[in-house]
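What follows is a short report on a single structure.
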Amino acid sequence: MHRFWSLLFATVNLACLGLVVAAYFTTDWWLPDAASTQAVQIDWLFYFIGGLCAFFYVATQLILVVALWRFSSNRAGLANPVHGSHVVEILWTVGPLAGLVVITAVSFPVWKSTKYQGLPASFPIGSDAKASDPDQVILVTARQWDWHFRYPVATIAVNEIRHWSEDGNPTDIVLADELHVWKGAQVQLLLKTTDVIHSFFVPALRVKQDTLPGKTIPVRFEPRLSNVRFDPQKGTLVPGEQPKTWELVCAELCGGNHYRMRGKVFVHPDKASFLAWLENARQKSRARAATETTGNSSRSAMPGRPAIAVADAAPQSARGRTSDPVENESGSSIGNQTAEDSANP
Amino acid sequence: MPNPLASRNRQKTGSVRKWGSWALVSFVPFVLLPFLSTSCADREGYPEDLDYPARTDLIVDETPKLSPNNLSAPGAFEKSIADLALVGGKILDPAANQDPWRAELNELLKEHFGTPAFPRVGASKDGLESAANALNLDPKTLELGSMAYRRHCLQCHGLAGDGRGASGIWVHPAPRDFRQGKFKFLSTSTARNLNRPSRDDLVRTFKVGVHGTSMPAFGLLAEEELQAIASYVIHLSIRGEMEFTILRTLLKPKSQIVFLFENFLPDEEVSKDQEKLSVFVPKYLKEILSQYALAEKSILQAPEYPYKDEDLPESIKRGHRLFSSQAPDALGCVSCHVDYGRSSPWQYDEWGSVSRPSNLTSGIFKGGRRPIDLYWRMKRGIPPSKMPAVTITGGDEDKKIWDLINFIENAPYPAKLPPEVREAIYGKSGRLAPAASSEKPKHQ
């Protein structure tokens with residue numbers, strides 16, 4: 001078996017390539033849904049760099065396999081070392097350098113469009129002249145170990161956003177672990193934390209940003225896929241165009257329950273659906289009357305397993321909060337006011 | 001330079017090749033291992049041979065009259081309970097007493113409440129099955145709840161619901177110790193001294209968490225799971241209360257079993273030969289279950305909201321007066337919520353931990369921030385934390401309570417307050433820091 005090593009390397013490499021190809025065609029193993037506009041750009045970057053690396057990977061492994069094959073027997077004789085070649089040395093410096101420069105050049109616009117949106121025109125680095133005011137502003141407060149989202153009910157002028165983020169309104173709706181946006185909205189999240197460093201990470205939106213104590217950090221994105229719709233008749237969320245679950249997870253170790261610090265992202269198809277849901281949530285958060293006990297709903301649940309099955313996960317978990325119009329006190333609207341808004345002078 | 005391909009060196013290269021191949025091949029199963037293992041942990045319950053441990057931690061019989069001046073240091077909650085005895089509190093030590101009735105008590109608890117893997121409420125001969133089932137405390141629901149509790153709640157709230165789980169001993173405020181049978185955020189009536197939670201009270205707490213503490217929101221769990229956990233928590237609470245009640249009575253010197261009947265089942269006629277723990281436990285269990293059933297039917301309803309939007313500023317002003325004035329027709333809440341809660345004095349609660357009247361300018365409402373939640377907090381109080389139920393005299397109670405709620409709701413938002421109220425709370429600039437620095441107790 002003189003050619004054993006060559007065959008081994010060839011087999012393992014083919015197996016790895018095969019896994020990559022299989023992963024591409026099996027949804028769960030590849031990239032999540034590109035649910036935001038910046039997801040499309042970031043994914044393109046991923047494929048471009050991946051393709052470039054794949055080219056070099058295949059090329060080097062091919063050379064290795066062929067060399068192992070041809071020189072596997074001692075009949076091939078001694079090697080003939082190459083002692084320096086100026087041309088080759090220049091080529092293998094300039095070539096990769098050019099590749100890296102290209103990668104940098106294509107990365108910059110993507111970085112700019114994700115991190116520098118909505119800057120004032122006077123800002124020196126690539127402020128986007130056509131970046132618009134956000135359609136939606138939500139205050140996100142991370143705490144050990146859940147996420148609070150504060151939705152304004154009244155419209156806030158752009159120059160009032162900062163005050164609102166610090167003061168708030170008593171009529172704001174505060175929910176735990178539920179992010180609601182609509183397709184095509186320019187969403188601005190203001191990230192805060194009440195205790196330690198957390199990280200707001202939604203893989204489907206390709207949004208990740210650490211939350212730092214003492215800071216309010218803005219994040220912008222625009223959803224392009226919708227997974228739920230609010231049904232005013234039923235008063236609940238129902239599956240939308242893409243009945244998928246998009247999770248929010250904490251991406252910075254923050255204590256014993258960091259692994260379970262999750263939330264769900266609900267993208268409505270349009271502003272009307274979002275506003276209908278918002279009004280429904282507002283009424284619940286202003287509940288002035290106790291309502292009847294509703295008892296168990298008719299869905300079956302598997303104990304210990306959160307409802308993240310693909311088919312109707314979004315409405316199922318939402319239904320846990322808004323199971324029927326009667327159950328006013330089911331608590332989707334009872335997050336609590338963020339502490340630092342009022343406590344920090 | 002030796003030729004590595006010459007025959008005298010072939011032996012070494014041959015063995016390297018053989019062992020090297022085996023080393024490489026043996027890696028394969030390790031690479032595949034993560035893909036082969038599946039997470040079955042969420043289907044597992046407690047080990048079947050695990051029993052609830054007999055209670056060994058200290059029991060707080062009476063909290064000290066003095067105000068505390070120390071918070072417990074992290075991880076030192078037990079020590080702070082022990083230290084209550086040094087400042088005038090009364091502590092009972094279950095470990096100091098090993099009389100025969102202790103073993104009998106443990107047997108009775110196991111008989112009537114089962115084990116963590118197979119919990120139940122009531123032994124089969126008690127005849128309490130229908131009462132338990134009506135409260136969703138049937139064995140099947142409790143088993144589901146036990147599995148879910150183990151997965152979601154155990155690490156803070158502990159095996160027996162003692163609040164001393166692995167994570168629980170490090171957080172402040174401490175996670176709820178269910179074993180006294182007391183809860184803070186209730187919506188049920190206080191008539192007949194009933195202080196039981198409704199099932200909805202518990203489920204609501206699960207869904208939104210308790211802001212200002214480390215209790216997170218569990219709203220993403222399925223509704224059935226939350227209901228099952230509520231059942232299991234009630235089970236832990238009833239079991240704990242049974243144990244706590246008996247220990248607290250019998251650990252005192254010169255205590256007799258008949259005291260249990262006298263104090264906790266005063267309406268029961270008990271003959272001399274019935275003064276036994278085995279008689280007391282099922283009877284008291286029946287009493288507790290009937291209290292829970294009554295609580296389910298006694299949810300407090302708030303009066304209808306009498307105001308329109310334009311009435312809000314005046315309502316806030318009236319509420320502010322009710323809160324801060326010491327006049328006979330006002331409530332004088334400010335006497336405990338000193339400086340609107342910014343300088344509240346520290347005090348002991350019924351579990352022996354240190355807390356204080358809440359800071360109403362912070363915007364943190366532990367029991368929920370809806371108007372109805374605030375109504376419940378004030379209408380029926382928070383007994384274990386010594387928040388009294390608000391009693392309004394002088395007529396017009398319906399309007400006055402809503403005035404107070406409107407004030408509390410808007411107090412954290414200076415911009416939303418009428419000018420006089422804003423000035424009273426926040427000073428002239430409107431965004432002032434607290435008027436007096438609240439003295440934080442030092443850690444031990």
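Length gain on complete extension for the stretch B:Trp170 to B:Asp99, per 0.36 nm per residue less the alpha carbon to alpha carbon distance?
Values: separation 71, 0.36 × 71 = 25.56 nm, distance 3.35 nm.
Extending this stretch completely gives an extra 22.2 nm.
Is there a quick way to get the dipole size of chain B? I mean about its Cα centre, with the Cβ of Lys and Arg at +1 and of Asp and Glu at -1; what is the value in debye to the nearest 20? Write down the numbers at each step before the final one.
On the way: 57 positive and 54 negative charges, 435 e Å.
Rounded to the nearest 20 debye, it is 2080 debye.
For B:Lys140 and A:Asp195, what does the FRET efficiency come to when R0 = 51 Å and r is the distance between their Cβ atoms, rounded to the nearest 0.05?
Numbers: r = 39 Å, r/R0 = 0.76.
Working from the Cβ atoms, E equals 0.85.
Could you quote the convex hull projected area for segment B:93-296, Cα atoms only and averaged over all directions, in nm²? Intermediate values should be presented prior to the final figure.
Values: hull surface 47.8 nm².
Mean shadow area of the hull around the Cα atoms is 12.0 nm².
How large is the helix-only mean residue ellipticity at 222 nm for chain B, computed as the sum of -39500 (n - 2.57) over DSSP H runs with n ≥ 4, divided by its residue count, in deg cm²/dmol to the nearest 500?
Details: 14 runs with 186 residues, N = 444.
Per the formula, -13500 deg cm²/dmol.
In a GNM of chain B with a 10 Å cut-off on Cα contacts, which of B:Trp351, B:Trp170, B:Trp19 has the highest mean-square fluctuation?
B:Trp19
If R0 is 41 Å, what FRET efficiency do you get for A:Ile90 and A:Phe4 from their C-beta distance, rounded to 0.05? Present the calculation step by step, with values, prior to reporting the outcome.
Details: r = 37 Å, r/R0 = 0.90.
It comes out at approximately 0.65.
For a quick check, take a GNM of chain B with Cα springs below 10 Å and name the residue from B:Ala415, B:Ala131, B:Ala117 with the largest mean-square fluctuation.
B:Ala415
For segment A:212-217, just list the computed ³J(HN,Hα) in residue order, Karplus coefficients 6.51, -1.76 and 1.60, θ = phi - 60°, integers in Hz, with x standing in for Gly and Pro.
Ordered by residue, 3J(HN,Hα) equals 10, x, x, 10, 10, 10 Hz.
Just to be sure I understand the model, the point goes 7 Å from the Cα along the line to the Cβ. What's the resulting A:Ile156 to A:Ala272 distance in nm?
So the two model labels end up 2.8 nm from each other.
Cut-off is 10 Å between beta-carbons; in what order do B:Glu409, B:Glu62 appear when sorted fewest neighbours first? Intermediate values should be presented prior to the final figure.
Working: B:Glu409 24, B:Glu62 15.
By the 10 Å Cβ count, ascending, the order reads B:Glu62, B:Glu409.
Could you put B:Ile372, B:Ile234 in order, starting from the residue whose Cβ has the fewest other Cβ atoms within 10 Å?
On the way: B:Ile372 23, B:Ile234 27.
Listed from fewest to most nearby Cβ atoms, that is B:Ile372, B:Ile234.
Does a label point 7 Å from the Cα of A:Ala59, set along Cα-to-beta-carbon, have any residues of segment A:86-118 with amide nitrogen under 18 Å, and which are they?
A:86-104
List residues of segment A:160-195, by number, whose backbone nitrogen lies under 17 Å from a label position 7 Å along Cα→C-beta of A:Asp33.
A:178-185
Once the convex hull of the alpha carbons of segment B:196-303 is built, what does its volume come to per residue, in cubic angstrom?
Details: hull volume 16.7 nm³, N = 108.
Once divided by residue count, the hull of segment B:196-303 is 155 Å³.
At a threshold of 8 angstrom on Cα-Cα distance, excluding pairs fewer than six apart, so keeping six or more, what relative contact order does segment A:237-297 reach in percent?
Relative CO of segment A:237-297 lands at 26 percent.
If you average the C-alpha positions of segment B:61-126 and of segment B:231-291 separately, how far apart do those two centres end up, in angstrom?
15 Å
With an 8 Å Cα cut-off and a minimum separation of 6 or more residues, compute the relative contact order for segment B:113-242 in percent. All intermediate terms of the calculation are to be shown ahead of the outcome.
Working: 195 pairs, mean separation 35.5, N = 130.
Relative contact order comes out at 27 percent.
Suppose every Lys and Arg Cβ carries +1 and every Asp and Glu Cβ carries -1, with no other charges. What dipole size does segment B:90-206 come out with about its Cα centre, to the nearest 20 debye? Show your work: numbers first, answer last.
Numbers: 17 positive and 13 negative charges, 92 e Å.
For segment B:90-206, the charge dipole is close to 440 debye.
Working from the alpha-carbon coordinates of segment B:309-443, get Rg over Rh, Rh being the Kirkwood radius.
Values: Rg = 14.7 Å, Rh = 15.4 Å.
That ratio is 0.95, to two decimals.
Using the basic label-point model (7 angstrom from Cα toward the beta carbon), what is the A:Lys215 to B:Asp51 distance in nanometres?
Spacing of the two 7 Å Cα→Cβ label points: 5.5 nm.
Based solely on C-alpha atoms, express the radius of gyration and the Dmax of chain B in angstrom.
28.6, 112
Considering Cα pairs under 8 angstrom that are at least six residues apart, work out the relative contact order of chain B and quote it in whole percent. Show your work: numbers first, answer last.
On the way: 640 pairs, mean separation 71.3, N = 444.
Computed value for chain B: 16 percent relative contact order.
Can you tell me the FRET efficiency between B:Ser67 and B:Ala389 if r is taken as the Cβ-Cβ distance and R0 is 25 Å, rounded to the nearest 0.05?
Numbers: r = 22 Å, r/R0 = 0.90.
The computed FRET efficiency comes out at 0.65.
At A:Leu97 and B:Glu420, where each label point lies 7 Å from the Cα along Cα→Cβ, what is the point-to-point distance in nanometres?
So the label points at A:Leu97 and B:Glu420 sit 7.9 nm apart.
If packing is taken as the average count of other Cβ atoms within 10 Å, what order do A:104-110, B:163-169 fall into, highest mean first? Intermediate values should be presented prior to the final figure.
Details: A:104-110: 12.4, B:163-169: 18.4.
Highest-to-lowest ranking by the protection proxy: B:163-169, A:104-110.
May I ask you to list the trypsin sites (Lys or Arg not before Pro) in segment A:195-263 that are in a DSSP loop and have at most 14 other Cβ atoms within 10 Å of their Cβ? Numbers along the way, then the final one.
Numbers: sites: A:Arg206, A:Lys208, A:Lys215, A:Arg220, A:Arg224, A:Arg229, A:Lys234, A:Lys244, A:Arg260, A:Arg262; in loops: A:Arg206, A:Lys215, A:Arg224, A:Lys234, A:Lys244.
Answer in residue order: A:Lys215, A:Lys234.
Values in this text are rule-based calculations from the coordinates and carry no lab data. Quick caveat: nothing in here was measured; it's all calculated off a predicted structure. For neighbour counting, all protein chains shown are included, and Cβ atoms are generated from backbone atoms with ideal geometry for every residue, glycine included.
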